[in-house]
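This report concerns only the one structure given below.
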Amino acid sequence: MLLALAGVTGVGKSYFKDTIVETLGFEKIKIITTREIRNGEKNNEDKIFVTPSELQELKKSNKIAYDFNMLGNIYAYSKESLYSNKNTVFELHYSTIFDFKRICPNIISIYILPKNIEMAKEQTRRRHLNPSVEKSRLLEIDEHFNSFMTNENLRKQFDYITYNNYDDESKNEIIELVKNILNK
């Protein structure tokens, strides 16, 4: 199963991805990116950090299934990771769901809404990003949330919508949801 988690910055996508990996034995799909590595990040763990020219080489070698530009950086997914027969999980930028439904028709997508948008903003502030990056991320949270809530066609692209109240109950609900999807 190819499982995608989407939601605003700070909603817990990485946390839930890690929990699904640890609890249910899924493998993480590592996004390839040209963005700078942040403090605490390690290359080849959640992301594969490459130079723009290295990414171009991967594209020329026909190893990339999908790439997109976000906040001035390029992000990409390898064909090998997206078309695997294993149970895999990754974070999806909500704006790319239309493309992913086209290139990976069997994708299962879960959109995670924060019970309180201010909690997502606080989680983003805790990342101690460069001030200009933090400001753009906080603005993106509002834009993203408003876009999702007002665009019915966008909401319909997601197979499931759930909430994060930043507690164990929310974690357990997402784990149970994924278990139920696996058992279908």
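The values are calculated or read from the model by the stated rules, or taken from the named source; none is laboratory data. Remember, predicted model here, so these are calculated numbers, not experimental data. In this analysis, Cβ positions are derived from the backbone assuming ideal geometry, glycine residues included, and neighbour counts consider all displayed protein chains.
Comparison of Tyr94, Tyr15, Tyr75, Tyr66 shows that the only residue that is farther than 25 Å from Ala120 by Cα and hydroxyl-bearing (Ser, Thr, Tyr) is Tyr66. Quick check on the stretch 8-40: of everything there that is more than 26 Å from Ser147 (Cβ to Cβ) and among the small types (Gly, Ala, Ser), which residue is surrounded by the most Cβ atoms within 10 Å (Cβ to Cβ)? Selected residue: Gly25.
Within the stretch 7-55, being among the acidic types (Asp, Glu) and either over 12 Å from Ile74 (Cα atoms) or assigned to a helix (DSSP H, G or I) (or both) holds for Asp18, Glu22, Glu27, Glu41, Glu45, Asp46, Glu54.
Here Glu91 passes the criteria (1) touching a strand residue (DSSP E or B) at 6+ places or on another chain (Cβ under 9 Å); (2) within 17 Å of Met1 (Cβ to Cβ); (3) modelled with pLDDT of 95 or more except the one numbered (3).
Confirm whether Phe158 is within 26 Å of Ile181 (Cα to Cα) and assigned to a helix (DSSP H, G or I). Taking the combined requirement at face value, the residue does not satisfy it.
For the stretch 41-62, a residue qualifies if it is surrounded by 13 or more Cβ atoms within 10 Å (Cβ to Cβ) and within 17 Å of the chain's Cα centre (by Cα), and the qualifying residues are Asp46, Lys47, Ile48, Phe49.
Among the conditions (1) farther than 13 Å from Tyr15 by Cβ; (2) modelled with pLDDT under 95; (3) crowded, with 16+ Cβ neighbours inside 10 Å; (4) under 18 Å from the mean Cα position of the chain (by Cα), the only one that Ser147 does not satisfy is (3). Residue count for the stretch 164-176 under the criterion of being touching a strand residue (DSSP E or B) at 6+ places or on another chain (Cβ under 7 Å) and buried (at least 16 other Cβ atoms within 10 Å of the Cβ): the result is 3. The residue that is nearest to Val11 (Cα to Cα), counting only those in the stretch 86-124 that are touching a Gly at 6+ places or on another chain (Cβ under 8 Å) and assigned to a helix (DSSP H, G or I), is Ala120.
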